[in-house]
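One structure, pasted below without further comment.
The values are calculated or read from the model by the stated rules, or taken from the named source; none is laboratory data. Predicted, not measured: the structure shown is a model, and the values here were computed from it. Here Cβ is always computed from backbone atoms with ideal geometry, including for glycine, and neighbour counts include all displayed protein chains.
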Amino acid sequence: MYTLAKACSHHNHGHCISDAINAARQLCDARGVRLTSLREQVLELVWQSHKPLGAYMLMDMLAQASTRRVAPPTVYRALDFLLEEGLIHRINSLNAYIGCPSPTQKHQSHFLICQGCSVAVELDNAQINQAVVDAAAAAGFTLASHTVEINGLCPRCQDQGGQNQGSQLGTATA
């Protein structure tokens with residue numbers, strides 16, 4: 001699991017990318033689904049940082065890496081495939097996508113999202129999951145799925161006195 005401290009540091013994302021691509025290839029092979037070159041490109045772009053990316057930003061990044069523009073439906077189909085296979089998550093409040101560090105395990109999505117630098121990290125916490133399940137049951141609600149998005153400041157942005165708060169959040173989505 002990627003920690004907030006690791007995501008906020010200037011570590012080599014090459015390891016994140018290669019681990020994610022290798023896991024995706026193995027998972028897709030095992031499930032008998034096709035990880036096309038475009039799907040793999042989109043996954044690689046999503047993993048280039050720990051900042052959620054919007055579909056239009058991904059389209060722009062794909063266009064920069066290629067001589068042709070990729071149409072929005074094509075990118076959305078790639079994102080839908082990656083979501084369905086559990087390789088990425090959608091952060092609803094940002095209308096953006098982020099890589100899943102544990103795609104082989106079915107789980108609910110909980111995120112810590114920094115309002116300063118836009119880093120988002122998946123939070124693996126059984127207590128949060130259980131609290132949501134218990135609250136839904138107490139209300140007589142049948143829970144299908146849930147996502148918890150927690151906004152605040154990462155340790156690096158806190159050290160900077162919150163000066164970047166909100167300044168980059170909008171740049172990570174499109």
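Quick check on my filter: what residues within the range 21-57 are touching a residue at least 60 places away in the same chain (Cβ under 8 Å), closer than 27 Å to GLY116 by Cα and aliphatic (A, V, I, L, M)?
Correct list: LEU53, ALA55, MET57.
State all residues of the range 25-39 that are closer than 13 Å to VAL75 by Cβ and either among the acidic types (Asp, Glu) or surrounded by fewer than 16 Cβ atoms within 10 Å (Cβ to Cβ) (or both); if no residue qualifies, say none.
THR36
Identify, by number, the condition in (1) on the phi < 0 side of the Ramachandran plot; (2) modelled with pLDDT of 90 or more that HIS50 doesn't meet.
Here HIS50 meets the rest and fails (2).
Step by step: first the residues of the range 127-151, then only those that are farther than 18 Å from ARG90 by Cα and either touching a helix residue (DSSP H, G or I) at 6+ places or on another chain (Cβ under 9 Å) or hydroxyl-bearing (Ser, Thr, Tyr) (or both), then the one that is surrounded by the most Cβ atoms within 10 Å (Cβ to Cβ). Which residue is that?
LEU143
Here is a further query. What's the total number of residues in the range 29-78 that are among the aromatic types (Phe, Trp, Tyr) and over 17 Å from GLY14 (Cα atoms)?
2
Please specify each residue of the range 92-112 satisfying the condition of being more than 13 Å from LEU53 (Cα to Cα), not in a loop (DSSP other than H, G, I, E, B) and not aromatic (Phe, Trp, Tyr).
Across the range 92-112, the qualifying residues are SER109, HIS110, LEU112.
Return the pairs, sorted by first residue and then second, in which the second residue is of a type in the set (Val, Ile, Thr), the first residue lies in the range 114-141 and is part of a loop (DSSP other than H, G, I, E, B), the beta carbons are less than 8 Å apart, and the residues are 6+ apart or on different chains.
SER118/THR171; VAL119/ILE113; LEU123/VAL148; LEU123/ILE150
Let me ask something additional. Inside the range 87-113, can you point out the residues that are in contact (Cβ under 8 Å) with a residue 24 or more places away in the chain and out of contact with any strand residue (DSSP E or B) (no Cβ under 9 Å at 6 or more places or on another chain)?
Passing the criteria: ASN95, THR104.
Now, a different point. Would you mind telling me which numbered condition in (1) crowded, with 16+ Cβ neighbours inside 10 Å; (2) at pLDDT 90 or above; (3) not hydrophobic (A, V, I, L, M, F, W, C) ASN164 fails?
Evaluating ASN164 over (1) crowded, with 16+ Cβ neighbours inside 10 Å; (2) at pLDDT 90 or above; (3) not hydrophobic (A, V, I, L, M, F, W, C) leaves (2) as the failure.
Of the residues SER66, SER49, only one is polar (S, T, N, Q) and farther than 26 Å from GLN108 by Cβ; which?
After ruling out the rest, the residue left standing is SER66.
While we're looking at this one, here's another question. Can you name every residue in the range 50-91 that is farther than 24 Å from ALA23 by Cβ and outside any loop (DSSP other than H, G, I, E, B)?
Result: TYR56, MET59, ASP60, ALA63, GLN64, PRO72, PRO73.
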